[in-house]
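Everything on this sheet refers to the single structure shown next.
Each value in this text was obtained by applying a stated rule to the coordinates, not by laboratory testing. These numbers were taken from a predicted model, which means no experiment stands behind them. Backbone-built Cβ (ideal geometry, glycine too); neighbour counts: all protein chains shown.
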Amino acid sequence: MSAQTRHLVHIRPHLETRRSAARSIVAALAAVLAAIVGAGLVLPTQAFADGEVTWTVRTGDNGFGAQRNSFSYSINPGNELSDSIVITNRGTEPLDLGIDAADGFTNEDGQLDLNEAGATPTGIGAWVHGESDQLHIDPGTSVDYPFTVSVPDNATPGDYVGGVLTSLTSSADTSQFDTDRRLGIKIALRVSGDLEPSIAVENTQLNWSGSLNPFAGGDATLSYTIRNTGNTVIAALHGTDVSGPFGLFSSEVEAEDDLPQLLPGETWDVTTVVHVAPLVWLTGTATVIPLALDAAGTTSQFDPVYAKAGTLAISWMLLLTLTAVGALVWLGIRLRRESAARRQEREDARVQEAVQQALNTNAADASKNGQSDPANPEPNPRV
């Protein structure tokens, strides 16, 4: 599965400020989850169609209900039940269709899909059986195809998703399916037992890239993988926070897109970009709040899961600019000091020269007046 869009935690104080918004989102998600749950399992209802088809499918009308959008069951391990799917030929030519069951998965677009023919089934695809894997339907007629869902005694409790799939075959006597033309209905199944909703946030990475403009900041990219480690279908709220050293200059980003519902064992990659200043060291925190339906069909919000990653955030252009400015300042100071030193040397030499000239002048005057050289006075005569 595409990686896009990790560890139990407390929500930090700044995350508490978005609790009220999270509650409203939780309520909305709860409504969505409740709308897509059947007998204990919550998933959106839809038919699967690939290629141009000339037939339609719908659920059979029976004790499970009429005009259902999908099949939804809750079964104890070792038990089974029977249901049916109605296939109608809307075309003008007879149809020879293949019919089978397949396991489901979340595709790269975050939508539920069914495995292609040939994939080894482990859940729905292995537990759903019909009377035949071939159907012949005349134009304008319908076939009510019965099938049985048999859950093994050793089936692991939790949620399973798959579907009953019809596909156009090349001839009535072959089991080769043209998977480019197929149509089916989803089966959502919950095997009764201990439910353990759980997720993990893994592979957390934070990268920072600056721009040529040393004062424009840069982009911090936080990426991580959400893994459904429990046995139920999981939805989640998620958000990202990027901060500088000691949690300063925090930038919090709410998720712009909803995470898809993940089946047990599935992963989804999340990538969030936050524009921040080069704060030398950045810490990115991913916060994920899991949501799941309990056995009573009530949406529950579980303890937040979070993961952190750090990275250097240095603007080399800014560093070069500051280095260049620092070098110019240092050079200016040095040149100024050297200039001042040279001026001082010239002033000292001028003063020394003036003093020497004054001494020479005094000596000359003293010699003319018959006085001793004041610089070399004669000793006093003895008495």
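Okay, here's what the table says:
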read-out: Normalised convex hull volume, segment 77-196, alpha-carbon set, Å³ per residue; value: 114
read-out: 22 Å tail of the calculated P(r), segment 266-351, as % of Cα pairs; value: 65
read-out: Length added when fully stretched, ARG337-HIS275, from 0.36 nm per residue minus Cα-Cα; value: 18.0 nm
read-out: Amide hydrogen neighbours beyond the local backbone of SER84, cut-off 5 Å, H modeled; value: GLY60, PHE147
read-out: Relative contact order computed over segment 199-314 (Cα-Cα under 8 Å; 6+ residues apart), in percent; value: 32
read-out: Gyration tensor over alpha-carbon atoms, segment 315-371, equivalent ellipsoid semi-axes in Å; value: 54, 4, 4
read-out: In sequence order, calculated HN-Hα J values of segment 70-80 (Karplus, 6.51, -1.76, 1.60; Hz; x Gly/Pro); value: 7, 9, 9, 9, 10, 10, 7, x, x, 9, 8
read-out: Debye intensity ratio in log₁₀ form over the Cα atoms of segment 199-314, taken at each q of 0.09, 0.13, 0.16, 0.20 Å⁻¹; value: -0.28, -0.53, -0.72, -0.98
read-out: Cβ crowding within 10 Å averaged over residues, with 181-193, 84-96 ranked highest first; value: 181-193, 84-96
read-out: Table column - 3J(HN,Hα) (Hz), segment 124-137, Karplus curve with 6.51, -1.76, 1.60, x for Gly and Pro; value: 3, x, 9, 9, 9, 9, x, 6, 8, 9, 9, 9, 10, 10
read-out: R0 of 45 Å, Cβ-Cβ distance PHE246-THR156: FRET efficiency to nearest 0.05; value: 0.45
read-out: Backbone HN-Hα couplings from phi across segment 274-284 [Karplus 6.51/-1.76/1.60, Hz, Gly and Pro as x]; value: 10, 7, 9, 7, x, 9, 6, 9, 10, 10, x
read-out: Dipole in debye (nearest 20) - segment 315-371, about Cα centre, beta carbon charges: Lys, Arg +1; Asp, Glu -1; value: 200
